[in-house]
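Only one structure is covered here, and it is reproduced in the block below.
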Amino acid sequence: MTRREAVKAAEVRLAASGVEEAEITAKYLFYFVTGLGQADLLFDGGLPFQEKQQAYFDKLVEERAKRIPLQYLTGMQEFMGLEFFVTPDVLIPRQDTERLVEEVLSCCSEKSVLDLCTGSGCIIISLAKFGNLTYACGCDLSEGALAVAKKNAKHCGVLVEFLQGDLFEPVNKTFDIIVSNPPYIKSEEIETLMPEVRCHEPRMALDGMADGLYFYKKIIAEASKYLKLGGQLFFEIGSRQAAEVTELLLGGGFGGIKVTKDYAGLDRVISAKKDNQK
Ligand code: GLN
């Protein structure tokens, strides 16, 4: 089979399995497997596809046809201009989450930051890279996720302490800033998501229990203990959760609440200050 024929066959296979952007995906996998560029496909598409490479290409196409996210096949995702390793142990970093990082970056210089539910570590590693922090710490319950996060911190050349445990359980310091993009999808809504997310991303990184608010409630209930005077709390939120999370923050003794939208114009980030009276 020629390169062009193989890529065309892959496109047809992917489209038949309901993969969006089948043509771009087929080409992307071709470039990924062969290390070749656009010109090699455009001008030398009639050349034979090297046998071993074709076997690997076909394997990846089959996996993508099973709706495994492309990032788990290539093992990488870009976030905040940095390269992150990803495996099925971690949520694939989302562009929306860059809004959360940008909000924290606007006020974190010379401060200590704790990231709960750190997953791939994309949030705390980006903050450590660009934020001039005094101390960076990331926590997660998942050992598999922490292994990925540690590898990412090394790859990005930053110092982050990673702790394993349930939310604040392994934490014994106070911080200027606590940040989290916790699981916030209502359990019943998970079934309505794309197969890439629903079947392949870690459920524990998605599921916010019946009302989607489980982790906000738990974090808000304990955050004051782990925040310094005047400390700040930052969350990524679901686009319809701003009012509910605002209520939770007010009820938990937080003030100065600010909601920020993502690039699609949807509510995405909420921040609050610890009320020093409480
Ligand atoms: N903090 C990670 C991210 O934003 C993982 C979030 C999660 O597991 N819910 O990508």
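Scan the range 171-195 for residues that are within 15 Å of the ligand (Cβ to nearest atom), of a type outside the set (Gly, Ala, Ser) and farther than 20 Å from GLY131 by Cβ and jot them down.
PRO182, PRO183, TYR184, ILE185, LYS186, GLU189, ILE190, LEU193, listed by residue number.
Can you find even one residue in the range 63-72 that is surrounded by 13 or more Cβ atoms within 10 Å (Cβ to Cβ), in contact with a helix residue (DSSP H, G or I) (Cβ under 7 Å, 6 or more places away or on another chain), of a type outside the set (Phe, Trp, Tyr) and within 28 Å of ALA128 (Cβ to Cβ)?
Yes, the range 63-72 has at least one match.
Between a first residue in the range 231-249 that is touching a residue at least 40 places away in the same chain (Cβ under 8 Å) and under 18 Å from LYS274 (Cα atoms) and a second residue that is crowded, with 20+ Cβ neighbours inside 10 Å and of a type in the set (Phe, Trp, Tyr), which pairs have beta carbons less than 7 Å apart while being 6 or more apart in sequence or on different chains?
GLY231/PHE175; LEU233/PHE254; PHE235/TYR216
Residues are listed down the side, and each one gets a yes or a no for (1) without any contact (Cβ under 8 Å) to a residue 60 or more places away in the chain; (2) over 24 Å from ALA22 (Cα atoms); (3) touching a His at 6+ places or on another chain (Cβ under 6 Å):
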{"residue": "ARG67", "(1), (2), (3)": "no, no, no"}
{"residue": "TYR72", "(1), (2), (3)": "no, no, no"}
{"residue": "GLN77", "(1), (2), (3)": "yes, no, no"}
{"residue": "GLY81", "(1), (2), (3)": "yes, yes, no"}
{"residue": "VAL90", "(1), (2), (3)": "no, yes, no"}
{"residue": "ASP96", "(1), (2), (3)": "no, no, no"}
{"residue": "LEU100", "(1), (2), (3)": "no, yes, no"}
{"residue": "GLU103", "(1), (2), (3)": "no, yes, no"}
{"residue": "CYS107", "(1), (2), (3)": "no, yes, no"}
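In the range 121-144, which residues are within 12 Å of the ligand (Cβ to nearest atom) and either closer than 21 Å to PHE234 by Cα or acidic (Asp, Glu) (or both)?
Narrowing the range 121-144 to residues within 12 Å of the ligand (Cβ to nearest atom): 121-127, 138-142, 144.
Within the range 121-144, GLY121, CYS122, ILE123, ILE124, ILE125, SER126, LEU127, GLY138, CYS139, ASP140, LEU141 meet the criteria.
Please find, within the range 198-212, the residue that is nearest to the ligand (Cβ to nearest atom) out of those that are closer than 21 Å to SER142 by Cα, in contact (Cβ under 8 Å) with a residue 24 or more places away in the chain and not acidic (Asp, Glu). Spell out how you get there, then give the answer.
Just the residues of the range 198-212 that are closer than 21 Å to SER142 by Cα, to begin with: 198-209, 212.
Restricting the remaining residues to those that are in contact (Cβ under 8 Å) with a residue 24 or more places away in the chain gives 199-202, 204-208, 212.
Add one more test, that the residue is not acidic (Asp, Glu), and what stays is 199-200, 202, 204-206, 208, 212.
Numbers: CYS199: 16, HIS200: 14, PRO202: 7, MET204: 7, ALA205: 3, LEU206: 7, GLY208: 9, GLY212: 12 Å.
Restricting to residues being closer than 21 Å to SER142 by Cα, in contact (Cβ under 8 Å) with a residue 24 or more places away in the chain and not acidic (Asp, Glu), the top hit is ALA205.
Mind checking which residues of the range 50-69 are among the basic types (Lys, Arg) and not in a helix (DSSP H, G or I)? Walk me through it before giving the result.
Kept after step one, since they are among the basic types (Lys, Arg), are these residues of the range 50-69: 52, 59, 64, 66-67.
Those that are among the basic types (Lys, Arg) and not in a helix (DSSP H, G or I): LYS66, ARG67.
More than 16 Å from the ligand (Cβ to nearest atom), in a helix (DSSP H, G or I), without any contact (Cβ under 8 Å) to a residue 40 or more places away in the chain and among the β-branched types (Val, Ile, Thr): is that true of VAL33 in this structure? Lay out the reasoning, then the answer.
Details: more than 16 Å from the ligand (Cβ to nearest atom): yes; in a helix (DSSP H, G or I): yes; without any contact (Cβ under 8 Å) to a residue 40 or more places away in the chain: yes; among the β-branched types (Val, Ile, Thr): yes.
Yes.
Kindly evaluate GLY165 against the criterion of being at pLDDT 95 or above, over 20 Å from LYS258 (Cα atoms) and more than 11 Å from the ligand (Cβ to nearest atom).
Values: at pLDDT 95 or above: yes; over 20 Å from LYS258 (Cα atoms): yes; more than 11 Å from the ligand (Cβ to nearest atom): yes.
When the stated conditions are applied, GLY165 passes them.
I'd like the full set of residues that are part of a loop (DSSP other than H, G, I, E, B) and touching a strand residue (DSSP E or B) at 6+ places or on another chain (Cβ under 6 Å), limited to the range 87-98.
Applying the first criterion (part of a loop (DSSP other than H, G, I, E, B)) to the range 87-98 yields 87-95.
Hits for the range 87-98 are ILE92, PRO93.
Of everything in the range 37-54, what is without any contact (Cβ under 8 Å) to a residue 40 or more places away in the chain and either closer than 19 Å to ARG64 by Cα or buried (at least 16 other Cβ atoms within 10 Å of the Cβ) (or both)? Give them in sequence order. Walk me through it before giving the result.
Looking only at the range 37-54, we keep the residues that are without any contact (Cβ under 8 Å) to a residue 40 or more places away in the chain, and these are 37-43, 50-53.
Matches in the range 37-54: LEU41, LYS52, GLN53.
In contact (Cβ under 8 Å) with a residue 24 or more places away in the chain, in a strand (DSSP E or B) and crowded, with 20+ Cβ neighbours inside 10 Å: is that true of PHE215 in this structure? Give the steps one after another, and end with the answer.
Working: in contact (Cβ under 8 Å) with a residue 24 or more places away in the chain: yes; in a strand (DSSP E or B): no; crowded, with 20+ Cβ neighbours inside 10 Å: yes.
Spelling it out, it is not the case that PHE215 is in contact (Cβ under 8 Å) with a residue 24 or more places away in the chain, in a strand (DSSP E or B) and crowded, with 20+ Cβ neighbours inside 10 Å.
Quick check on my filter: what residues within the range 73-93 are buried (at least 16 other Cβ atoms within 10 Å of the Cβ) and within 22 Å of VAL179 (Cβ to Cβ)?
Passing the criteria: GLN77, PHE79, MET80, LEU82, PHE84, PHE85, VAL86, ASP89, VAL90, LEU91, ILE92, PRO93.
Of all residues in the range 89-120 being on the phi > 0 side of the Ramachandran plot and not hydrophobic (A, V, I, L, M, F, W, C), which is farthest from the ligand (Cβ to nearest atom)?
Initial filter on the range 89-120 (on the phi > 0 side of the Ramachandran plot): 110, 117, 119.
Of the ones still in play, those that are also not hydrophobic (A, V, I, L, M, F, W, C) are 110, 119.
Values: GLU110: 23, GLY119: 3 Å.
Looking at residues that are on the phi > 0 side of the Ramachandran plot and not hydrophobic (A, V, I, L, M, F, W, C), I get GLU110.
So is ALA149 of a type in the set (Gly, Ala, Ser), more than 10 Å from the ligand (Cβ to nearest atom), at negative phi and at pLDDT 95 or above or not? Walk me through how you get there before you give the answer.
Working: of a type in the set (Gly, Ala, Ser): yes; more than 10 Å from the ligand (Cβ to nearest atom): no; at negative phi: yes; at pLDDT 95 or above: yes.
Considered against the rule, which asks whether it is of a type in the set (Gly, Ala, Ser), more than 10 Å from the ligand (Cβ to nearest atom), at negative phi and at pLDDT 95 or above, ALA149 comes out as no.
The values are calculated or read from the model by the stated rules, or taken from the named source; none is laboratory data. Since the structure is predicted, the reported quantities are computational estimates derived from the model, not experimental observations. Cβ atoms come from the backbone with ideal geometry, glycine included; neighbour counts cover every protein chain shown.
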